[in-house]
Amino acid sequence: MTQIRPQPGIMDIALYQGGGAAIAGQDKVLKLSSNENPFGPSPAAVAAVQAVAAEMHLYPPTDHGGLRRAIGAAHGLDPERVICGVGSDEIITFLCQAYAGPGDEVLHTEHGFLMYRISALAAGATPVVAPEAGRRVDVDAILSRVTARTRLVFIANPNNPTGTMIDTAEVTRLADGLPGDSLLVLDGAYAEYVEGYDGGAALVDARDNVVMTRTFSKIYGLGGLRVGWGYGPRAIIDVLNRVRGPFNLSTLALAGAEAAVRDTGYVDHCRAVNATERARLAAGMASLGYPSDPSEGNFILCRMGDAATAKAADAHLKSKGIIVRLVAGYGLPGCLRITVGSEADVTRVLAAMQDFGGAA
């Protein structure tokens, strides 16, 4: 028998399941399971990728300087304190790899992004869950679970899959309540959908134990290129760059992301359409008896009543060629997460759910 064994914690990781993308026997599938931008990437980003496609034989720059400067210009940040990764997932992995290990604890909320637990276990650390209050981050619950072994605290704001958000005062209270050797990580994957929200950048600038992460996979429509970034104190970014692979982002990814972040008009358009269609989708589902909390992302989380109804609605939507997301893996078996699509997409979902019928 082999004596080869993985590191402790690895086999406790449940394989991450992404949103479905295909339905057997159906060609015209509407995918609303992965919170992708229904309008795709900015035309400027597409053109930038095409322009460098012939340079794929060349190694990309290791410092990501052009992209970091573009991010800094777009968000008013010091580019020297920006780190880029393969999606924000990789930044989360770097943080756990660099700051947590055996004997340490990584705190996250009850319905938080699954990668927090996965990355903690991969680093040999112990994930600790703090309950939420009405599907919202509960600062007091998090602080009550902080121990001498807490090294990282992750919150997504807005949160996925709930769509809910806590205000700056509550985030600041959380940061103020943590011990000096605990790092608060603000996951802002959906921050661009909130008008005027800085994703926590001001708090990062004000403290030495707060980091924020962002992604190009959502409003920028670059999920297929896999680009994310983080912003934090210079000393922490220096540590993360020491574990980052030198060529972790491709030439195409760097070019596309730089063009996307500079195209602020496209982002503004996508945000505005999302707000309009999100309200229409939420109101339409609520009228059928399936309410959702006010969402700040590009999705809503519909409360279907129970797990059986959620599964039945999911199956019904699939029969109509529509893929949404069951979220039992997030501790919400009676819910469906539905990405906000275009006007036509939302109309199609509501028509299909009208056929399914209202809540009993």
With the structure loaded, tell me whether residue 263 is buried (at least 17 other Cβ atoms within 10 Å of the Cβ) and over 20 Å from residue 89 (Cα atoms) or whether it fails that test.
yes
Residue 142 passes all but one of (1) at pLDDT below 95; (2) assigned to a helix (DSSP H, G or I); which number fails?
(1)
Kindly indicate the residue of region 296-350 that is within 18 Å of the chain's Cα centre (by Cα) and hydroxyl-bearing (Ser, Thr, Tyr) and also surrounded by the fewest Cβ atoms within 10 Å (Cβ to Cβ) among those meeting that condition.
330
Residue ranges of strands (runs of 3 or more DSSP E) in region 253-360 with at least 1 members within 30 Å of residue 60 (Cα to Cα) and touching a Phe, Trp or Tyr at 6+ places or on another chain (Cβ under 9 Å)
none
Looking at the structure I just gave you, is residue 176 farther than 30 Å from residue 275 by Cβ, acidic (Asp, Glu) and outside the structural domain of residue 337 (by TED's automatic domain parsing)?
yes
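So that you can scan it fast, the table gives a plain yes or no per residue for (1) of a type outside the set (Lys, Arg); (2) not assigned by TED's automatic domain parsing to the domain that holds residue 162:
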residue: 9; (1), (2): yes, yes
residue: 12; (1), (2): yes, yes
residue: 23; (1), (2): yes, yes
residue: 50; (1), (2): yes, no
residue: 68; (1), (2): no, no
residue: 73; (1), (2): yes, no
residue: 78; (1), (2): yes, no
How many residues does region 303-323 contain that are under 13 Å from residue 335 (Cβ atoms) and either charged (D, E, K, R) or touching a residue at least 60 places away in the same chain (Cβ under 8 Å) (or both)?
4
Of all residues in region 131-183, how many are under 19 Å from residue 118 (Cβ atoms) and in contact with a helix residue (DSSP H, G or I) (Cβ under 7 Å, 6 or more places away or on another chain)?
6
Qualifying positions in region 178-206 - at pLDDT below 95 and either basic (Lys, Arg) or under 14 Å from residue 142 (Cβ atoms) (or both):
none
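Residues to consider are 69, 5; find the one that is charged (D, E, K, R) and not in a loop (DSSP other than H, G, I, E, B). Lay out the reasoning, then the answer.
Details: 5 fails: not in a loop (DSSP other than H, G, I, E, B).
Only one candidate passes the filter, namely 69.
Please specify each residue of region 217-237 satisfying the condition of being in contact with a Cys (Cβ under 6 Å, 6 or more places away or on another chain) and of a type in the set (A, V, I, L, M). Give the derivation first.
From region 217-237, those in contact with a Cys (Cβ under 6 Å, 6 or more places away or on another chain) are 219, 229; that's our starting set.
Answer for region 217-237, where residues must be in contact with a Cys (Cβ under 6 Å, 6 or more places away or on another chain) and of a type in the set (A, V, I, L, M): just 219.
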Count, please, the residues in region 143-166 that happen to be within 23 Å of residue 337 (Cβ to Cβ) and either of a type in the set (S, T, N, Q) or over 16 Å from the mean Cα position of the chain (by Cα) (or both).
5
Conditions (1) surrounded by 21 or more Cβ atoms within 10 Å (Cβ to Cβ); (2) assigned to a loop (DSSP other than H, G, I, E, B) -> residue 27 fails only (1)
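If you go through region 205-225, how many residues are of a type in the set (Lys, Arg) and touching a strand residue (DSSP E or B) at 6+ places or on another chain (Cβ under 9 Å)?
Here is the first cut: in region 205-225, the residues of a type in the set (Lys, Arg) are 207, 214, 218.
Filter again for touching a strand residue (DSSP E or B) at 6+ places or on another chain (Cβ under 9 Å), leaving 207, 214.
Adding up the residues that qualify gives 2.
With respect to residue 290, is the statement that it is touching a Ser or Thr at 6+ places or on another chain (Cβ under 8 Å), over 21 Å from residue 156 (Cα atoms) and hydroxyl-bearing (Ser, Thr, Tyr) true?
On the way: touching a Ser or Thr at 6+ places or on another chain (Cβ under 8 Å): no; over 21 Å from residue 156 (Cα atoms): yes; hydroxyl-bearing (Ser, Thr, Tyr): yes.
No; evaluated as a whole, the condition is false for this residue.
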Buried (at least 17 other Cβ atoms within 10 Å of the Cβ), hydroxyl-bearing (Ser, Thr, Tyr), farther than 22 Å from residue 217 by Cα and modelled with pLDDT of 95 or more - does that describe any residue in region 92-107?
yes
Report the residue count in region 111-135 for those that are buried (at least 18 other Cβ atoms within 10 Å of the Cβ) and assigned to a loop (DSSP other than H, G, I, E, B).
7
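Answer yes or no: is there a residue in region 146-155 that is surrounded by fewer than 17 Cβ atoms within 10 Å (Cβ to Cβ) and either assigned to a helix (DSSP H, G or I) or touching a strand residue (DSSP E or B) at 6+ places or on another chain (Cβ under 8 Å) (or both).
Yes.
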Would a scan of region 67-81 turn up a residue that is under 30 Å from residue 149 (Cβ atoms), touching a strand residue (DSSP E or B) at 6+ places or on another chain (Cβ under 9 Å) and in contact (Cβ under 8 Å) with a residue 60 or more places away in the chain?
yes
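The values are calculated or read from the model by the stated rules, or taken from the named source; none is laboratory data. What you see is a predicted model; the values in this text were computed from it and never measured. Don't worry about glycine lacking a Cβ; one is built from the backbone with ideal geometry, like all the others, and counts go over all protein chains shown.
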